[in-house]
Amino acid sequence: MDKTEKSGHGFGTAPVFLAAISTILGAILFLRFGYAVGHTGMLGALMLILIGHAITIPTGLAIAEIATNLKVEGGGEYFIISRSFGATVGGAIGISLYMSQAISVAFYLIAFSEAFRPLFPLIENHLGIIPDTRMISIPAAILLSVLIIKKGANLGVTALWAVVAILGISLAMFFLGSPTSDAPRQVLLMGTTENPHSFFIVFAIVFPAFTGMTAGVGLSGDLKNPRKSIPLGTLAGTLVGMFVYILIVFKLSYSASPSELASDQFIMSRIALWGPIIPIGLAAATISSAIGSILVAPRTLQALAGDKNLPIPQWNNILSSGKGESNEPVNATILTSVIILVFVSLGNVDFVAQIISMFFMITYGTLCSISFLEHFAGNPSYRPTFRTKWYLSLIGAVASFIMMFQMNGFYATLAVITMGVLYFLLSRVHKDERDLTTVMKGVLFQMTRQLQVLIQKKQAEVDMSNWRPSFIAVSRDSFTRLGPFDLLRWISHYYGFGSFIHYIEGPLTKETNEEAKHILARLIEQAQVSHAGLYVDTIISPSFRTAVAQIVQIPGIAGMENNSILFEFDAEKPEGLVEIIDGCQFAAAAGHNICILRSSERHFGYKRKIDIWLTPGDLRNANLMIILSYIMIGHPEWKDCELKLYMTFIREEIGQERDKIKNLIAKGRIMISRKNIQLVPLESHNKFGEAVAQYSESTDLVITGFSLTKMQQDGGEFIKGFTTIKDILFVRAGQDILIAKPVDTKQAPEETQIR
């Protein structure tokens, strides 16, 4: 590789491991882990470690996996998140992650100053002044910032070696130490101090001890082979840290009483072979954690600025620039140092520390979610050389978010809201870039694929009492006659599914294909504007009848087979009926229910009244007409609609027809209340049209049945009739549809009796 193409320092795996382990074995270990054992007992402390690592180990595995799929560059966790979830999500998490990293430096420096507290009485006695921890933390912050700005990451990594060596010596002397005089003679598995704090309060205090495993990921831009070093260094640091904490729990439980552990934050000094080594180890651990964070935070900020995630363009230009061949983030380090000094000067970061913990938990939860979603989405471009298990990532994600709210519900909610606001603001900046939808589309694809396979296996046993409409509408006048589009969106509302197909006549050529793409874009816009839950598409075919032959054979988009087709023609232009008659032959051959809408300029009027007209020969069509009517009046645009069913019969057959209708209602074959049924006697079958005109002239939509055989014989004259009716839907049931399971009863319910 050309020298000019290199970036960073070309570190190996060791700095990743050192940054992780020195942060894990930090302030909490020396100051608060005795408190944890004292308040929860030995078994409780082991549970703290196991639960904490139920979050951190899946996170470490997720980082290892994602790092082996990506060419990891500068920015560490931010780079992994942004390149996996997109710039918008990555920017939102990256900004909060950066603030957590920067402010955590101040937290570590304040903890570093606590290591000198045993010397405060001596200083007060000899110098006569009352020491303040800020006398140490502020100069330490200034000195550390200057050294990092001047020397960069090389100094930090060199210091890490020395710090880890001191940590090792401190822990060795602690394990070689003797129990206190009040130590129990045998290990108390569940022994705690009086009035112990709750488990979750203790967990909230000690959890930062386990969060250092990602510290080395921030060095990604300075690693020679990040795809190898990040997984190896991160997992090694996590596992070694867990092992050390388990040993410390056993040592503390054996070496001091619960009350001593709970009350003395320097209890490890009393146990260690040489007491002063513990404050020295504390100082080394906290300063190493501060070094690790101050190495990582500016690089996160530099990567954020490089992706144009900051609100002011000039900030992006200044903070993204680096110095020298290693691209050292000097400007980002200067800004980070200012933030550190502000919070160190406050001297108390308890409030901020809880917010930091929340954002770290969000980061871990997000990393695990990425790994889980990528597994579930089955994205062929996601091919990591190291693979974890999807259920481990899911456990890590769920555990992260659950523990966030267990630790502090208010801060957890605040953290989530902040993330949401950042995401919203960044989505306006990165309008055309990949975001959550890319991953979610893959997830939905896999869910739909599995659902379709499952439904297809079950389709041999179709229960027609649970019938749902799955309609295809085909029209060549999609933008000039909206009747079929609106009817389909009403039918598809909540209960069913609809596919609206625009027909383009002609051969499939480059020109017609481009026309189809343009029309499809218009259809999608039309569906969005009208809030239609429809799938829209186009079809190019030499003739309308061949288009229908193709359409009735395509599988259902919703995971269920299409079962119905909707045609439409203009009442003023009945010549359009000719090609519909041809198309009906193919739809009938495929077993589809057929609906033909004869639309008018009235366009369903005020949507206040639907009349269903049945003849004795229409009983097979009855339930399809009724269920379509009920589905339509469930749409908000038809909410005040009145539904009425007219049943016609020849006058001399009134007794026979009344008994037949009564029997059908009783058995559930016609599921409609008697009050909505009106019997209309006819002098002859030819008077049907006159009866419809008499009762339904002002109706917004009339629904009646038709016979395909008769329509072919009379050329559609029956459908062309009803001249005084504006909008009318002709229905032919190709399936034996039941609105409810038939009941075996000899007596109709009282409310459905027809006399």
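Odds and ends about this structure:
- Gyration tensor (alpha-carbon) shape descriptor, region 221-324, a/c threshold 1.5: prolate
- Highest-first arrangement of 715-722, 230-237, where packing means the average Cβ count within 10 Å: 230-237, 715-722
- Cα gyration tensor, region 463-599 - rounded (a/c under 1.5), prolate or oblate: rounded
- Packing rank of 202-213, 502-513, 253-264, where each peptide gets the mean count of other beta carbons within 10 Å, highest leading: 202-213, 253-264, 502-513
- Each peptide in 356-368, 267-279, 633-645, 189-201 receives the mean, over its residues, of other Cβ atoms within 10 Å, and ordering these scores from highest gives 356-368, 267-279, 633-645, 189-201.
- Gained length - residue 524 relative to residue 201, 0.36 nm times residue gap less alpha-carbon distance: 111.1 nm
- Span from the region 6-68 Cα centroid across to the region 279-346 one, whole angstrom: 22
- Distant-in-sequence amide contacts of residue 386, defined by a placed amide H-H separation under 5 Å and a gap of 5 or more residues or a different chain, comprise 68.
- Part-to-part distance (alpha-carbon centres) for region 623-647 and region 501-570, which is given in Å: 26
- Between region 87-105 and region 234-252, the alpha-carbon center distance in angstrom: 27
- Length gained on full extension, residue 510 to residue 129: 128.4 nm, using 0.36 nm per residue less the C-alpha separation.
- The length gained on full extension between residue 406 and residue 189, counted as 0.36 nm times the residue separation minus their Cα-Cα distance, comes to 75.7 nm.
- Region 232-280 shape via C-alpha gyration tensor axes, a/c threshold 1.5: prolate
- Scalar couplings 3J(HN,Hα) for region 289-299, obtained by applying the Karplus form with A = 6.51, B = -1.76, C = 1.60 to θ = phi - 60°, are 4, 5, 4, x, 6, 6, 6, 7, 4, x, 6 Hz; x denotes Gly and Pro.
Laboratory data are not the source of any read-out in this text; all were calculated from the coordinates shown. None of the values given here were measured: they were computed from a predicted structure. Note that we place each Cβ from the backbone using ideal geometry, even for glycine, and neighbour counts take in every protein chain shown.
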